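The values are calculated or read from the model by the stated rules, or taken from the named source; none is laboratory data. All values reported here derive from a predicted model rather than from experimental measurement. Using ideal geometry, Cβ is built from the backbone for each residue, glycine included, and neighbour counts are taken over all protein chains shown. What goes into the accessible areas is simple: the full protein's heavy atoms, side chains included, and nothing from ligands, DNA or RNA. Shrake-Rupley method; radii C 1.70, N 1.55, O 1.52, S 1.80 Å.
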Amino acid sequence: WYNIFMRIALMGYMAILVYMGVRIMFSSTAEKKADYKRLFVDWVIGITILLLFPYVIKGMIEINNAFVKTIEANKGDFETKKGEIATGTYYKEFVEIYIDYEIDWSKGTDYMFKMGDLAMKTKKIALSVAFLIMTWQLMALIFFYYKRLFMVAFLIIIFPLVALSYAVDKVADGKSQAFNTWAKELMLNIFVQSFHAIVYVFTCCTVYSAAGETSNGLDYILIIIGVSFLNKGEDIIR
């Protein structure tokens, strides 16, 4: 479909070029010729966007992937053995407090596993609620990221038509509303993953720092708010 739309867009740009050439040839005044020359510049910009912007799309995806991998690599080290202190700064207190427990670290090192394990060891209702919220977030994010996958794919597929609309919009009213809207939607859907990663790591670090042995009621409120912030933060960014 991308290739079909690309051929349609190329034919559309050729038709627009022929149209502008004929109008320039038959324009009787210098002012009209100047207007069509300006439109020709917009045509050149539009055909450049059509041919080169796919590399920008690929670049945005690669930048997002690299950023997310960097966050994942530096989110902290959960892996430890009985009697050892974790190297991650945020989790040193956690391991020191519960070092006497026989924790099966092989089950997993992700945030959800550690929150569930911490809730089980401490029998704290707030930590159990936080674990349930994280479980709900997992289910919601699975749906969200499949939807994001199809959304990004769809936006890429229709890109040639949007690039064609750039020249059409410029001829009509001198603006490029369709392309601007499409570009914003694409960037949001691509880079929302980086935002999710930042907020998720930040809130989970905040939660674990507040989930110590001396935690009080206010700390538990912070824990609940922290794990619930992901959706609200995304709304703010949008």
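For every residue, the table says whether it meets (1) touching a residue at least 12 places away in the same chain (Cβ under 8 Å); (2) surrounded by 16 or more Cβ atoms within 10 Å (Cβ to Cβ); (3) part of a helix (DSSP H, G or I).
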site: Ser128; (1), (2), (3): no, yes, yes
site: Lys147; (1), (2), (3): no, no, yes
site: Val162; (1), (2), (3): yes, yes, yes
site: Ala167; (1), (2), (3): yes, yes, yes
site: Lys170; (1), (2), (3): yes, yes, yes
site: Lys175; (1), (2), (3): no, no, no
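Looking at the stretch 55-68, I want the residues that are within 24 Å of Val201 (Cα to Cα) and have a partner that is open to solvent by 30 Å² or more (accessible area, probe 1.4 Å) and in a helix (DSSP H, G or I) with Cβ atoms under 8 Å, at least 6 apart or on another chain. Which pairs are those?
Correct list of pairs: Met60/Met187; Met60/Phe191; Asn64/Phe191; Asn64/Gln193; Val68/Gln193.
For Phe131, only one of the following conditions fails: (1) modelled with pLDDT under 85; (2) within 16 Å of the chain's Cα centre (by Cα); (3) not aliphatic (A, V, I, L, M). What is its number?
Single failed check for Phe131: (2).
In this structure, is Tyr91 assigned to a helix (DSSP H, G or I), open to solvent by less than 70 Å² (accessible area, probe 1.4 Å) and modelled with pLDDT under 55?
So Tyr91 passes the test.
Of the conditions (1) within 23 Å of Phe154 (Cα to Cα); (2) in contact with a helix residue (DSSP H, G or I) (Cβ under 6 Å, 6 or more places away or on another chain); (3) charged (D, E, K, R), Arg23 fails just one. Which one is it?
Failing condition for Arg23: (1).
Among the residues in the stretch 39-51, are any at pLDDT below 90, closer than 17 Å to Leu161 by Cβ and among the small types (Gly, Ala, Ser)?
Checked against the condition, which is being at pLDDT below 90, closer than 17 Å to Leu161 by Cβ and among the small types (Gly, Ala, Ser), the stretch 39-51 yields at least one hit.
Determine whether Val168 is within 25 Å of the chain's Cα centre (by Cα) and not polar (S, T, N, Q).
no
Take the residues in the stretch 9-38 that are surrounded by 12 or more Cβ atoms within 10 Å (Cβ to Cβ) and β-branched (Val, Ile, Thr); name whichever of them is modelled with the highest pLDDT.
Ile16
Just checking, does the stretch 182-192 include any residue being part of a loop (DSSP other than H, G, I, E, B) and at pLDDT 80 or above?
Taking every residue of the stretch 182-192 in turn, none turns out to be part of a loop (DSSP other than H, G, I, E, B) and at pLDDT 80 or above.
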